Amino acid sequence: MKSARKIYESLRKTCPQTKQDLKNYVKIFLDLNIPDKSICPDHNSPLDYLWHSFNSDFAQYSLANADCIVWANRAGGKTELAAVATLLDCLFKPNCQSRILAGSGEQSQRMYQYFLGFLKNGFESQLAAPARKERSAFKNGSNVEVLTQSSASIRGQHIQKLRCDEVELFAEDVFNAAKFTTISKEDITAAMEIISTMHRPYGLMQKLVTDAERYNTPIFKWCVWETIEKCKDRNCSRCPLWTDCKGKAKKANGYLKIDDIITQSRRSSRAGFESEMLCLRPSLENAVFAEFDTTIHVKPIAYDSNLPLYRSLDFGFINPFVCLWIQTDDAGNIRVIDEYIRSRATIDIHANAITSRTPCPEHNVAATFCDPAGTSVNDVTGTSAVRELRALGIKLRYRKSSILQGLELIRRAIRSGDGNTTLIISPKCKKLIEALRCYHYPESNVEGGSELPIKDGIYDHPIDALRYFFINYKHFRPLTTRCY
């Protein structure tokens, strides 16, 4: 019996070497069975995230950084897994400084309470002193501490691991301060882990996921099908989840009760279920163009010399200057084929970029539409953006209109009353696509407040350029030549 006990304690101190070793270690010593199957295309298993987090400091090829994003469903074990990762860092990575930061103090404490619960599985002896309410220190020099949602709490921190839970709820200044807290040392690679569901198409999580590809940051994504229990004896044709499941639960090995998921699906909205549990898309509750769907409206299209070419501009200097290239066909489709978006450049630079990217001679451009505000005279230069562009050979047309009028025309193109769509956008127009997904109304309208979307300086400018096209094109009549 003593020999078996010694072996057990020896294994407790043995660092897992493989992903399967890690799964077994957590199951034996923390009594936690982590799902290890990815069910949906392009998804990961929860174990994939934990292995990345743990193995980043032991990998054969050292990483420049160990940052990652975790996008998962509600009750998908994100917070609990992050607590496991924190404990493993403290146990097997001497002198590793870990911090927990969440969108609220309650959420931070939830992760830390998971951490303290895991400590009680026989790991208290490795503490340097009794665990405190918001901090635990280990004999090997590692420690973990809970940070508050404030810049003052974060600034001055120089740590190796920062786990940001429910980042969707972060204040922007706090998140910006948190970016500068992690530094690598010795054999420990700095890591900032972003953990959240994606509630809003215009929230912080959406921006981070969008930027992840640019910065080569891995995203670990899973949904209810990676975390639901295995379906064994249910009749699929009678199951309320069949439309979404289609047999996925037959392959699962998670822990969420099927009956609980059925109940949640019935008492939530379809949009809420897709956002919170299926991780298909953020909730579109406040989105201006809720019916915009990249699978329908984004298609590979190129310039067609047989179709008229239009351009539409929105002026800006600190805020971006935007130009869209648009063609229309005989079926009434609006084809956005290219975009140019740049800040802090003068009109002559924009003019050169516009003419060089226009795929036909300038005299063949049917029309260039713009913001009527571009006619305003600048107090410093004594001229206007419209006048400057005209002097550089770009003829402009404009028409005054209300914002709501233009938005309604865009909505009609996205999906008309009879269900048809006439708006097609090239995948090249990444900023416009993002703007159509993220342009939104205020979270709540106070009595008597504006019903207009938020002008955030990011998403409103590509939409404005598109809006000017619809307003002007509706009234535009190209010149024709007649012979008498």
Practice item. Those residues that are without any contact (Cβ under 8 Å) to a residue 24 or more places away in the chain, closer than 25 Å to GLU434 by Cβ and of a type outside the set (D, E, K, R), I need them from the range 150-205; list them, please. Key: ALA171, ASN176
Check your understanding: Just a yes or no: is a residue in the range 276-283 outside the structural domain of THR197 (by TED's automatic domain parsing), of a type in the set (Lys, Arg), surrounded by 14 or more Cβ atoms within 10 Å (Cβ to Cβ) and within 30 Å of GLU166 (Cβ to Cβ)?
Key -> yes
Review point. Is there a residue being assigned to a helix (DSSP H, G or I), in the same structural domain as ALA465 (by TED's automatic domain parsing) and within 29 Å of ASP293 (Cα to Cα) anywhere in the range 364-384?
Key: no
Exercise for review: Return yes when SER416 is free of Cβ contacts under 8 Å to residues at least 24 places away in the same chain and surrounded by 15 or more Cβ atoms within 10 Å (Cβ to Cβ) and no when it is not.
Suggested key: no
Revision key, fill the gap. Residue set LEU392, LEU407; condition in the same structural domain as ASP464 (by TED's automatic domain parsing) and surrounded by 17 or more Cβ atoms within 10 Å (Cβ to Cβ); output residue LEU407
Check your understanding: Are there any pairs with C-beta distances below 9 angstrom linking a residue in the range 422-434 that is farther than 13 Å from LEU466 by Cα to a residue that is among the small types (Gly, Ala, Ser) and surrounded by fewer than 23 Cβ atoms within 10 Å (Cβ to Cβ), with the two at least 6 apart or on different chains, and if so which?
Key -> THR422/ALA331; THR422/GLY332; THR422/ALA413; THR422/SER416; SER426/ALA302
Revision key, fill the gap. Scanning the range 99-141 for residues that are loosely packed, with under 14 Cβ neighbours inside 10 Å and either of a type in the set (Asp, Glu) or on the phi > 0 side of the Ramachandran plot (or both) gives GLU106, GLY122, GLU124, GLY141
Practice item. Keeping to the range 425-448, report how many residues are small (Gly, Ala, Ser), surrounded by fewer than 22 Cβ atoms within 10 Å (Cβ to Cβ) and either modelled with pLDDT under 90 or part of a helix (DSSP H, G or I) (or both). Key: 2
Practice item. Select from the range 153-204 the residues that are under 30 Å from GLU285 (Cβ atoms) and among the aromatic types (Phe, Trp, Tyr) and list them in ascending order. Key: PHE170, PHE175, TYR202
Review point. Can you tell me how many residues in the range 74-86 are assigned to a helix (DSSP H, G or I) and not hydrophobic (A, V, I, L, M, F, W, C)?
Key: 4
Review point. How many of the residues making up the range 204-217 are outside any helix (DSSP H, G or I) and either modelled with pLDDT of 90 or more or crowded, with 21+ Cβ neighbours inside 10 Å (or both)?
Key: 1
Review point. Within the bounds of the range 289-304, is there any residue that is modelled with pLDDT of 95 or more, surrounded by 14 or more Cβ atoms within 10 Å (Cβ to Cβ), of a type outside the set (Val, Ile, Thr) and part of a loop (DSSP other than H, G, I, E, B)?
Key: yes
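Residue-by-condition table, conditions (1) polar (S, T, N, Q); (2) at pLDDT 85 or above; (3) assigned to a helix (DSSP H, G or I); (4) closer than 14 Å to LEU404 by Cα:
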{"site": "SER450", "(1), (2), (3), (4)": "yes, no, no, yes"}
{"site": "PRO453", "(1), (2), (3), (4)": "no, yes, no, yes"}
{"site": "ILE458", "(1), (2), (3), (4)": "no, yes, no, no"}
{"site": "HIS461", "(1), (2), (3), (4)": "no, yes, yes, no"}
{"site": "ASN472", "(1), (2), (3), (4)": "yes, yes, yes, no"}
{"site": "PRO478", "(1), (2), (3), (4)": "no, no, no, no"}
Point to revise | Hey, ALA66 small (Gly, Ala, Ser) and within 30 Å of PHE273 (Cα to Cα) or not | key: no
Check your understanding: Hey, any hits in the range 119-129 for a residue that's closer than 19 Å to ILE188 by Cβ and charged (D, E, K, R)?
Key -> no
Check your understanding: Name the pairs: first residue in the range 231-251 and touching a residue at least 24 places away in the same chain (Cβ under 8 Å), second residue of a type in the set (Asp, Glu) and part of a loop (DSSP other than H, G, I, E, B), Cβ to Cβ under 8 Å, at least 6 apart or on different chains?
Key -> ALA249/GLU229
Check your understanding: Would you say LYS179 is farther than 14 Å from GLN97 by Cα, touching a strand residue (DSSP E or B) at 6+ places or on another chain (Cβ under 9 Å) and surrounded by fewer than 18 Cβ atoms within 10 Å (Cβ to Cβ)?
Key -> yes
**Study point:** Per-region count, the range 339-363, residues buried (at least 19 other Cβ atoms within 10 Å of the Cβ) and in a strand (DSSP E or B)
**Key:** 3
Check your understanding: Scanning the range 143-168 for residues that are among the hydrophobic types (A, V, I, L, M, F, W, C) and buried (at least 18 other Cβ atoms within 10 Å of the Cβ), which turns out farthest from GLU124 (Cα to Cα)?
Key -> VAL167
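The values are calculated or read from the model by the stated rules, or taken from the named source; none is laboratory data. Quick caveat: nothing in here was measured; it's all calculated off a predicted structure. Every residue, glycine among them, receives a Cβ derived from its backbone with ideal geometry; neighbour counts consider all protein chains shown.
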